[in-house]
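Okay, structure first, notes after.
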Amino acid sequence: MTAQRGKDLLLKIDSDGLGTFTTMAGLRARAISFNARTVDVTHAESAGAWRELLAGAGVKTASLSGSGIFKDETSDALVRGYFFDGTIRDWQVIIPDFGTVQGAFQITSLEYAGSYEDELRFDLALESAGQLLFTGA
């Protein structure tokens with residue numbers, strides 16, 4: 001993958017629960033992180049006392065985050081409603097020249113902040129809530 005512009009990493013939400021994906025309004029920064037827990041199966045006879053891991057046994061998770069400004073009342077109300085209702089909804093992350101990650105996420109953090117002579121900003125954090133699918137570019 002060659003160098004890409006940060007603004008080309010897109011975060012989209014299923015806005016109606018029917019698969020209509022809408023780009024999150026006003027995001028200035030966004031990120032996705034993949035994690036896999038390990039299962040340690042080291043025992044007294046492990047070669048050289050080195051740790052041994054059980055392949056494919058750990059829990060996989062993904063975290064999404066974004067920050068920016070809301071451009072309209074619709075996107076603000078959508079995100080706020082999903083947070084306060086604890087809604088789990090499908091999201092897409094489009095990574096340029098890599099592919100699209102799609103699956104269920106829940107908003108785990110929603111923060112609003114602003115200084116006296118600046119715009120109101122928000123920060124958003126999401127955690128995966130099921131299997132994620134990857135489609136190559």
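The values are calculated or read from the model by the stated rules, or taken from the named source; none is laboratory data. Computed from a prediction, not measured in an experiment: that's the story for all the values here. Positions of Cβ are backbone-derived with ideal geometry, glycine not excepted, and every protein chain shown enters the neighbour counts.
For the reader, a short list of remarks on this structure follows.
- Residue within the stretch 44-58 that is part of a loop (DSSP other than H, G, I, E, B), surrounded by fewer than 10 Cβ atoms within 10 Å (Cβ to Cβ) and aliphatic (A, V, I, L, M) present: yes
- A residue that is crowded, with 16+ Cβ neighbours inside 10 Å, aromatic (F, W, Y) and under 15 Å from the mean Cα position of the chain (by Cα) cannot be found anywhere in the stretch 120-131.
- Residue pairs whose Cβ atoms lie under 6 Å apart, separated by 6 or more positions or on different chains, with the first residue in the stretch 116-135 and touching a residue at least 40 places away in the same chain (Cβ under 8 Å) and the second surrounded by fewer than 12 Cβ atoms within 10 Å (Cβ to Cβ) and assigned to a strand (DSSP E or B), are R121/A113; F122/Y112; D123/E111; A125/S109.
- Every listed requirement among (1) in a strand (DSSP E or B); (2) touching a Leu at 6+ places or on another chain (Cβ under 7 Å) is met by T38 save one, (1).
- Flag for S67 being out of contact with any Ser or Thr (no Cβ under 9 Å at 6 or more places or on another chain) and among the polar types (S, T, N, Q): yes
- Residue within the stretch 117-127 that is touching a Gly at 6+ places or on another chain (Cβ under 9 Å), in a strand (DSSP E or B) and closer than 15 Å to K12 by Cβ present: yes
- When S109, S65 are checked against the criterion of being of a type in the set (S, T, Y), more than 14 Å from A129 (Cβ to Cβ) and touching a residue at least 60 places away in the same chain (Cβ under 8 Å), S65 stands alone in meeting it.
- Matching residues, the stretch 8-21, being surrounded by 14 or more Cβ atoms within 10 Å (Cβ to Cβ) and not in a loop (DSSP other than H, G, I, E, B): L10, L11, K12, I13, D14, F21
- The residues on offer are R30, R89, and the sole one that is under 15 Å from the mean Cα position of the chain (by Cα), in a strand (DSSP E or B) and modelled with pLDDT under 90 is R30.
- Qualifying residues in the stretch 59-86 (those that are charged (D, E, K, R) and outside any loop (DSSP other than H, G, I, E, B)) - the one nearest to Q102 (Cα to Cα): K60
- Matching residues, the stretch 1-27, being at pLDDT below 85 and charged (D, E, K, R): R5, K7, D8
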